[in-house]
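A.B. asks: Just dropping this structure here.
The values are calculated or read from the model by the stated rules, or taken from the named source; none is laboratory data. Bear in mind the structure is a predicted one, so any value in this text is a computation, not a measurement. FYI the Cβ positions are ideal-geometry reconstructions off the backbone, even for glycines, and counts take in every protein chain you see. Quick note on the areas: whole protein, heavy atoms, side chains included, nothing else; ligands and nucleic acids left out. Shrake-Rupley method; radii C 1.70, N 1.55, O 1.52, S 1.80 Å.
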Amino acid sequence: MSNDVAYPVFHTPDPALALAVARQLLSVGDQEYVQVSVDVELPRVQDVLHVSRALPDAWFRKEGDDWESDPTGLNAGVHAPQLPSEAAFLSEHLPLWASMLDQPAGSIEDTFTAVAGKYVAEIRWDSLGWPEVPERGLGAEYSHAVVTVLFNTGTREMDEWSHGHTVLVHVRRSGGGYDERHASWLAEQVGQTVIGPPQF
């Protein structure tokens with residue numbers, strides 16, 4: 001079983017610019033089957049209410065794995081229209097996460113960036129295809145062709161705050177420097193370079 005590895009290729013204080021660079025990377029690949037997923041951490045009641053209005057198709061959850069004894073349904077996820085809006089209820093379960101999975105590319109990214117760009121958040125495009133580049137010894141890649149924008153966090157785990165927004169390009173994890181050569185070539189196609197260590 002193979003795994004992916006992600007390389008940062010762009011960092012900026014402007015969330016809209018991060019989104020623009022990510023879209024440039026998408027254009028390098030085969031987008032026939034691409035889907036987009038988003039996820040954002042919401043630390044305050046007013047944040048939850050704002051995002052539930054702005055993204056009415058989002059699902060809200062709290063981090064936890066005790067689904068059987070969760071009468072709120074938040075461990076499994078609650079659709080925005082069914083999410084209680086009472087401040088007392090919401091404050092008991094903060095932080096909440098809001099997500100939308102496997103949406104058509106281009107359908108939610110602008111709205112999500114405008115709403116979620118000030119929080120710890122992620123946009124992830126899956127099911128891309130990276131082209132073969134014979135002159136560089138790079139094979140086509142479909143299983144691990146992914147682009148991610150991380151907002152206000154520098155790691156894929158989204159477990160720590162950092163200023164600015166980072167674009168990651170994902171490739172197949174391989175030995176002998178192949179994966180970094182692949183990520184570097186992809187970055188070059190949009191005028192960027194690898195700017196940090198790989199994230200596994």
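A.B. asks: Mind checking which residues of region 161-183 are touching a residue at least 60 places away in the same chain (Cβ under 8 Å) and not basic (Lys, Arg)?
C.D. replies: Result: 163, 164, 165, 166, 167, 168, 169, 170, 171, 179, 180, 183.
A.B. asks: Using the structure shown, decide if residue 98 is at pLDDT 95 or above and either open to solvent by less than 20 Å² (accessible area, probe 1.4 Å) or assigned to a loop (DSSP other than H, G, I, E, B) (or both).
C.D. replies: yes
A.B. asks: Right, something else. Take region 163-180 and flag every residue that is over 13 Å from residue 199 (Cβ atoms) and open to solvent by 20 Å² or more (accessible area, probe 1.4 Å). Before the answer, list the steps.
C.D. replies: Going through region 163-180, the residues over 13 Å from residue 199 (Cβ atoms) turn out to be 163-165, 172, 174-178.
Hits for region 163-180 are 163, 172, 174, 175, 176, 177, 178.
A.B. asks: Working only within region 104-137, note down all residues that are open to solvent by 50 Å² or more (accessible area, probe 1.4 Å) and touching a helix residue (DSSP H, G or I) at 6+ places or on another chain (Cβ under 7 Å).
C.D. replies: 111, 136
A.B. asks: Please go through region 77-95 and give me each residue that is in a loop (DSSP other than H, G, I, E, B), open to solvent by less than 70 Å² (accessible area, probe 1.4 Å) and over 28 Å from residue 166 (Cα atoms), ordered by number.
C.D. replies: Passing the criteria: 83, 84, 93.
Each row is one residue, and each column tells you yes or no for (1) touching a Pro at 6+ places or on another chain (Cβ under 7 Å); (2) at pLDDT below 95; (3) over 25 Å from residue 98 (Cβ atoms).
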{"residue": "143", "(1), (2), (3)": "no, yes, yes"}
{"residue": "146", "(1), (2), (3)": "no, no, no"}
{"residue": "151", "(1), (2), (3)": "yes, no, no"}
{"residue": "164", "(1), (2), (3)": "yes, no, no"}
{"residue": "170", "(1), (2), (3)": "no, no, no"}
{"residue": "175", "(1), (2), (3)": "no, yes, yes"}
{"residue": "182", "(1), (2), (3)": "no, no, yes"}
{"residue": "186", "(1), (2), (3)": "no, no, yes"}
{"residue": "190", "(1), (2), (3)": "no, no, yes"}
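A.B. asks: Here is a follow-up. In this structure, does residue 140 turn out to be free of Cβ contacts under 8 Å to residues at least 12 places away in the same chain and of a type in the set (A, V, I, L, M)? Working first, answer last.
C.D. replies: Numbers: free of Cβ contacts under 8 Å to residues at least 12 places away in the same chain: yes; of a type in the set (A, V, I, L, M): yes.
Yes; evaluated as a whole, the condition is true for this residue.
A.B. asks: For region 186-200, give me the residue count where each residue is open to solvent by less than 30 Å² (accessible area, probe 1.4 Å) and either assigned to a helix (DSSP H, G or I) or closer than 16 Å to residue 131 by Cα (or both).
C.D. replies: Adding up the residues that qualify gives 3.
A.B. asks: Here are some residues: 38, 21, 45, 5. Which one is touching a Leu at 6+ places or on another chain (Cβ under 7 Å) and touching a residue at least 40 places away in the same chain (Cβ under 8 Å)? Walk me through it before giving the result.
C.D. replies: On the way: 38 fails: touching a Leu at 6+ places or on another chain (Cβ under 7 Å); 21 fails: touching a Leu at 6+ places or on another chain (Cβ under 7 Å); 5 fails: touching a Leu at 6+ places or on another chain (Cβ under 7 Å).
Residue meeting the stated conditions: 45.
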